[in-house]
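S.K.: Got a structure for you, questions after.
The values are calculated or read from the model by the stated rules, or taken from the named source; none is laboratory data. Note that the structure is a prediction, hence the values are computed from the model and not measured. When we count neighbours, we look across all protein chains shown, and the Cβ atoms used for this are built from the backbone with ideal geometry, even at glycine. Protein only, heavy atoms only, side chains kept; ligands, DNA and RNA dropped before computing areas. Shrake-Rupley method; radii C 1.70, N 1.55, O 1.52, S 1.80 Å.
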Amino acid sequence: MGFFWSDASFSLLVMVLCLAAVLLHYRREDRASLVNTVSFFLLCLFGQFVGGLLHALEYMRAADVTREVFVIGAGIAVIRLWGLLVFRIVLPAVRLRPPRITEDIFVIIAYIAWFMVRLRYAGLDLGSILATSAMITAVVAFAMQDTLGNILGGLALQLDNSIVVGDWIKVDDISGKVVDIRWRSTLVETRNWETVVFPNSQLMKNKFTVLGRRTDQPVQWRRWVWFNVGLDIAPTRVVSVVENSILQTDIANVAKSPAPNCILMDMDGKGSGRYALRYWLTDLGPDDPTDAMLRWHIMTALQRSGIKLSLEEHSIHLTKENEKYDEAVHQREVLLRIKTLRRVELFSQLNDGELNGLAERLRYSPFAKGNIITKQGDINSHWLYIIINGEAEVFVELPNGKRRSVRTLGHGNFFGEMGLLTGAPRSASVIAKTDVECYRIDKDVVEELLHARPSIADEISHILVTRRAELDVALQNLDATGPHKDLSQQRIEILATIKRFFSLD
Ligand code: CMP
């Protein structure tokens, strides 16, 4: 019994069971490997017991060899368990995630060290073993040149840090995210849900690109979104329309710094300018969806400014041939606008002729989700919007930088009237909560309307007073400096301001 079992054996057994319990709790996914390791350990204990039996039967040499073999085996199982604990639980807990190959290397070195220690303990000559193993290694290395190339490639990739798990790389026309660097190969998951296996030696021998990585900079990758606009529109105008809209908007996965920029890249000789919006993508996964989102922002920004994207030549011929069709489309659009205007309370008193005139002069203004439509404090935008589709949120910015929501506006609601009618700076900001389609009414149109129908000013003053009161509530801790005037007094004052501003009698 003493030959096979000692106090140390008992402590070892307890340690193995504790390690197994911890691993099983935190690493359910490694359960199969854990069960194999613990079974192997128990088998080695049994082997040592057999060694003990042989010893009792006085087969001394056989007993010694049997015990030594199984002690080595038990040690290997213990090393494996510690390897799992350190590399799969402890290091991830301190946010270190070394690739599997590092774990394997450490564990194998520990196996070899343990093996050597036991052999020496058993009295074997290490020198001759090393000489023989060197010979065997040379023969094996010769036979496995490719495999060794891959293994050394894997080691080199790890050591010089040229790729780490999580990097996005591009090799020829394949790009994807590195998910594992193994002994022989590196696994890359593409956006098409493919896993590409690159032999490590290939990565070592050939050029590859690590996307979005730059020394001392966050990971972000420059992308180009192309569009064409006729050169009859000044390029400086196109650039400023697109940049102003994009820079004011928070778009998911688009870096704030460096900021997106728009440039004229080429002129095609047929009167068309080729522009690129260049931006930095912060999450390298959704590349196409983010490009698409920016295209949508470019489209809506250009549409709002009345700038058309260049059409292909053959589409222009088609369009010219169909002028009647164009007229029909225009009439349909005007009818649709009149229908929308009828639902806006403000215009309920207008007759058909007036509505038709107004409909003709509306400007279609689409906004992409996230666009700031009006900016609090702005003094240069003199128009009001009617929402046809989508939702917009009115909010105020407090001096401490926080936003306070005032109201959400939807179909048929209008906004921007306070600045337009009184000449005051924009009292609040309005942001597109979803993609929003609006009609824009410019100051000269409103002016004509007010002269034709002064009663609209009266109606608007009611709405303005209520909205002002809501704004005051939103800003109450700042503006509550004195007692509020009563609402009717406020309305009279607002009406007087509107009349003065538009020179109404
Ligand atoms: P204006 O001040 O020109 O620009 C911001 C707009 O937000 C403002 O016009 C109103 O149209 C709108 N707004 C402000 N307060 C409210 C409110 N309480 N309810 C609805 N809209 C509002």
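S.K.: Need the list of lysines near LYS433 for cross-linking: C-alpha distance under 26 angstrom, and skip anything on the same chain fewer than eight residues off.
M.R.: Answer for LYS433, where 26 Å is the Cα cut-off: LYS256, LYS308, LYS339, LYS369, LYS375, LYS402, LYS443, listed by chain and number.
S.K.: Then there is this: Given segment 189-306 reduced to its alpha-carbon atoms as identical point scatterers, what log10 I(q)/I(0) does the Debye formula return at q = 0.15, 0.16, 0.21 Å⁻¹?
M.R.: The Cα Debye sum returns log10 ratios of -0.76, -0.83, -1.15.
S.K.: Which one of LEU42, LEU53, TRP5 has its Cα pushed farthest toward the positive end of the charge dipole of segment 1-150, where Lys and Arg give +1 and Asp and Glu give -1 at the Cβ?
M.R.: Toward the positive end, the furthest listed residue is LEU42.
S.K.: Just check segment 246-296 against the gyration tensor rule for me: Cα atoms, a ≥ b ≥ c as the square roots of the eigenvalues, rounded for a/c under 1.5, and otherwise prolate or oblate depending on whether a/b exceeds b/c. Write down the numbers at each step before the final one.
M.R.: Working: a/c = 2.59, a/b = 1.99, b/c = 1.30.
Cα axes put segment 246-296 in the prolate bin.
S.K.: If I model a spin label as a point 7 Å beyond the Cα along the Cα-Cβ vector, how far apart are those points for ILE372 and ASP352 in nm?
M.R.: 4.5
S.K.: Report the percentage of all Cα-Cα pairs in segment 85-203 whose separation exceeds 18 Å, rounded to a whole percent.
M.R.: Value for segment 85-203 (Cα pairs over 18 Å): 64 percent.
S.K.: Follow-up. Under a point spin-label approximation (7 Å from Cα along Cα-to-Cβ), what is the ALA259-ARG363 distance to one decimal in nm?
M.R.: My value for the distance between the label points is 2.3 nm.
S.K.: Oh, and also: Using 1/(1 + (r/R0)^6) with R0 = 35 angstrom and r between the beta carbons of VAL69 and ARG97, what's the FRET efficiency to the nearest 0.05?
M.R.: For R0 = 35 Å, the calculated efficiency reads 0.45.
S.K.: Report the gain in length on full extension from SER162 to GLU470: 0.36 nm times residue separation, minus Cα-Cα distance, nm rounded to one decimal.
M.R.: Extra length from SER162 to GLU470 when fully extended: 105.1 nm.
S.K.: With θ set to phi - 60°, apply the Karplus curve 6.51 cos²θ - 1.76 cosθ + 1.60 along segment 11-24 and write out the HN-Hα couplings as whole Hz, x wherever there is a Gly or Pro.
M.R.: 4, 4, 4, 4, 4, 4, 5, 5, 4, 4, 5, 4, 5, 5
S.K.: Right, another one. Using a 1.4 angstrom probe on heavy atoms only, work out the carbon and sulfur share of the accessible area of the chain in %.
M.R.: The C+S portion of the solvent-accessible surface of the chain is 58 percent.
S.K.: Mind grabbing the base-10 log of I(q)/I(0) for the chain at q = 0.12 Å⁻¹? Debye formula, identical points on the C-alpha positions, no solvent, two decimal places.
M.R.: Debye curve over Cα of the chain, log10 I(q)/I(0) at q = 0.12 Å⁻¹: -1.17.
S.K.: Using all alpha carbons of segment 403-442, what is the percent of pairwise distances in each 5 Å bin, ordered from the shortest bin to the longest?
M.R.: In whole percents, the pair-distance histogram is 5, 18, 29, 27, 17, 4.
S.K.: Determine, for each peptide in 204-216, 329-341, 61-73, the mean count of other beta carbons within 10 angstrom over its residues, then list the peptides with the highest first. Kindly include the intermediate steps, with their values, before the conclusion.
M.R.: Details: 204-216: 12.8, 329-341: 14.3, 61-73: 17.2.
By packing density, highest mean first, the sequence is 61-73, 329-341, 204-216.
S.K.: While we're on this one: Which residues among segment 257-298 fall inside the zone where the amide N is under 16 Å from a point 7 Å beyond the Cα of ALA234, along Cα→Cβ?
M.R.: Under 16 Å, as judged by backbone N against the label point of ALA234, lie 264 of segment 257-298.
S.K.: Quick one, what does Rg over Rh come out to for segment 1-102 if you take C-alpha atoms and the Kirkwood Rh?
M.R.: 1.09
S.K.: Over the alpha carbons of segment 409-504, what is the largest minus smallest coordinate on each principal axis, giving the biggest first in Å?
M.R.: 38, 37, 20
S.K.: Quick one: grab the alpha carbon gyration tensor of segment 355-485, order the square roots of its eigenvalues as a ≥ b ≥ c, and give me rounded if a/c is under 1.5, else prolate or oblate depending on whether a/b is larger than b/c.
M.R.: Oblate, because a/c is 1.5 or more while a/b does not exceed b/c.
S.K.: Ignoring everything except DSSP H segments at least 4 long, calculate the 222 nm mean residue ellipticity for the chain; use -39,500 (n - 2.57) per segment, divide by total residues, nearest 500.
M.R.: Computed ellipticity for the chain at 222 nm equals -16500 deg cm²/dmol.
S.K.: A further question on this structure: Using alpha carbons only, how many angstrom separate the centre of segment 238-303 from the centre of segment 64-135?
M.R.: Result: 56 Å between the Cα centres.
S.K.: Output the Cα-based Rg and Dmax of segment 147-211 in Å, rounding Rg to one decimal and Dmax to a whole number.
M.R.: Here Rg and the maximum Cα pair distance are 10.6, 31 Å.
S.K.: Here is a further query. Spin-label point model (7 Å from Cα, Cβ direction): what's the SER455 to VAL329 distance in nm?
M.R.: Computed distance between label sites SER455 and VAL329 equals 3.9 nm.
S.K.: Next question. What percent does the relative contact order of the chain come to when contacts are Cα pairs within less than 8 Å and at least six residues apart?
M.R.: 8
S.K.: Using only Cα atoms, what Kirkwood radius does segment 425-478 have, in angstroms?
M.R.: About 13.8 Å, per the Kirkwood formula over Cα pairs.
S.K.: Which parts of segment 438-453 would a label at GLN248 reach, counting a residue when its backbone N lies under 11 Å from a point 7 Å out along Cα-to-Cβ?
M.R.: Under 11 Å, as judged by backbone N against the label point of GLN248, lies no residue of segment 438-453.
S.K.: Restricting to Cα pairs below 8 Å that are 6+ residues apart, what does the relative contact order work out to for segment 39-181? Please round to a whole percent.
M.R.: This gives 17 percent for segment 39-181.
S.K.: Okay, next question. Along segment 212-229, what does the Karplus equation 6.51 cos²θ - 1.76 cosθ + 1.60 (θ = phi - 60°) give for ³J(HN,Hα), rounded to whole Hz, x for Gly and Pro?
M.R.: x, 9, 8, 3, 6, 10, x, 6, 7, 10, 6, 10, 10, 10, 9, 7, 10, 9
S.K.: Send over a whole-number figure in Å² for the accessible area per residue of segment 143-264, probe 1.4 Å.
M.R.: 58
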